[in-house]
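A.B. asks: Once you've had a glance at the structure underneath, I'll fire off some questions.
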Amino acid sequence: MAPAAVASEKSLAVLPLENLSPDPENAFFTEGMHTEIITTLQGNSELKVTSRNAAVAFKGSTQPIATIARELGVANVITGSVRRERDRVRIQLELRRASDDALLWALPTRDRPLLDAFAIQTEVAEEVARVLQARNRKERGGFAQFMTRNPRAYELYLRGLNNYLNGAYVSFTGLRETISLLNE
């Protein structure tokens, strides 16, 4: 049996975020934030970020972080939760080194206006890159800039993305709804 490969210190997985919103309908928002954080982190060419599909396999898992990290082949793991209520959002995130469960970074927990959800993803990506000492070589301009500052437009985008990622496009009705949300 071959020895297990050592994961790069700049590798990480973003585990599915826990939805703490009082309205279960807000699950799409939590899943959308998860996907967007992964996408933003993947914009840094020095970071090795596992795919959303690989991370989703561990949704609700009670396995230790070290076990999950070993299975995903990463050295670091981001965990957290999202609570959305009306026009406010609270996102709690932690970056931990899997080998010893050491806390490397945490997003300061505070209520933010929903509009700040756009900036949170960039903030997370920049801070994780800083902690892991990964400079972004892919783009000189840094991390992604979002095309809208409108919370309603962002919500529609996340709903459409959620429909797509959950396979709603396989039926004509689901496809039409997904396209409608994304067009809106």
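A.B. asks: Among the residues of region 116-141, count how many are in contact with a helix residue (DSSP H, G or I) (Cβ under 7 Å, 6 or more places away or on another chain) and either more than 17 Å from residue 48 (Cβ to Cβ) or at pLDDT 70 or above (or both). It would help to see each step written out before you state the result.
C.D. replies: As a first pass, look at region 116-141 and keep what is in contact with a helix residue (DSSP H, G or I) (Cβ under 7 Å, 6 or more places away or on another chain): 117-118, 121-122, 124-125, 128, 136.
After this cut, where a residue has to be either more than 17 Å from residue 48 (Cβ to Cβ) or at pLDDT 70 or above (or both) as well, the list is 117-118, 121-122, 124-125, 128.
Total satisfying the criteria: 7.
A.B. asks: Based on what the data block shows, is residue 50 free of Cβ contacts under 8 Å to residues at least 40 places away in the same chain and open to solvent by less than 30 Å² (accessible area, probe 1.4 Å)? Steps first, answer last, please.
C.D. replies: Values: free of Cβ contacts under 8 Å to residues at least 40 places away in the same chain: yes; open to solvent by less than 30 Å² (accessible area, probe 1.4 Å): yes.
For residue 50, the condition - free of Cβ contacts under 8 Å to residues at least 40 places away in the same chain and open to solvent by less than 30 Å² (accessible area, probe 1.4 Å) - is met.
A.B. asks: Out of all the residues in region 4-11, is one or more open to solvent by 20 Å² or more (accessible area, probe 1.4 Å), of a type in the set (A, V, I, L, M, F, W, C), free of Cβ contacts under 8 Å to residues at least 40 places away in the same chain and more than 22 Å from residue 130 (Cα to Cα)?
C.D. replies: no
A.B. asks: Give 156, 93, 103 a once-over and let me know the one that is open to solvent by less than 30 Å² (accessible area, probe 1.4 Å), modelled with pLDDT of 70 or more and in contact with an Asp or Glu (Cβ under 7 Å, 6 or more places away or on another chain).
C.D. replies: Details: 93 fails: in contact with an Asp or Glu (Cβ under 7 Å, 6 or more places away or on another chain); 103 fails: open to solvent by less than 30 Å² (accessible area, probe 1.4 Å).
Just a single option satisfies the conditions, and that option is 156.
A.B. asks: Please specify each residue of region 78-107 satisfying the condition of being in contact with a Leu (Cβ under 6 Å, 6 or more places away or on another chain) and of a type in the set (A, V, I, L, M, F, W, C).
C.D. replies: Result: 78, 82, 89, 93, 95, 104, 105, 107.
A.B. asks: Scanning region 16-26 for residues that are touching a residue at least 12 places away in the same chain (Cβ under 8 Å) and not acidic (Asp, Glu), which turns out surrounded by the most Cβ atoms within 10 Å (Cβ to Cβ)?
C.D. replies: Top of the filtered list is 17.
A.B. asks: Could you go through region 76-91 and let me know if any residue there is among the hydrophobic types (A, V, I, L, M, F, W, C), farther than 29 Å from residue 23 by Cβ and out of contact with any Ser or Thr (no Cβ under 6 Å at 6 or more places or on another chain). Let's see the steps before the verdict.
C.D. replies: Initial filter on region 76-91 (among the hydrophobic types (A, V, I, L, M, F, W, C)): 77-78, 82, 89, 91.
Pick out the ones that are also farther than 29 Å from residue 23 by Cβ and you get none.
For region 76-91, residues among the hydrophobic types (A, V, I, L, M, F, W, C), farther than 29 Å from residue 23 by Cβ and out of contact with any Ser or Thr (no Cβ under 6 Å at 6 or more places or on another chain): absent.
The values are calculated or read from the model by the stated rules, or taken from the named source; none is laboratory data. Keep in mind it's a predicted model, so treat the numbers as computed, not measured. Virtual Cβ from ideal backbone geometry, glycine too; neighbours counted across all protein chains shown. For accessibility, only protein heavy atoms count, side chains too; no ligands or nucleic acids. Shrake-Rupley method; radii C 1.70, N 1.55, O 1.52, S 1.80 Å.
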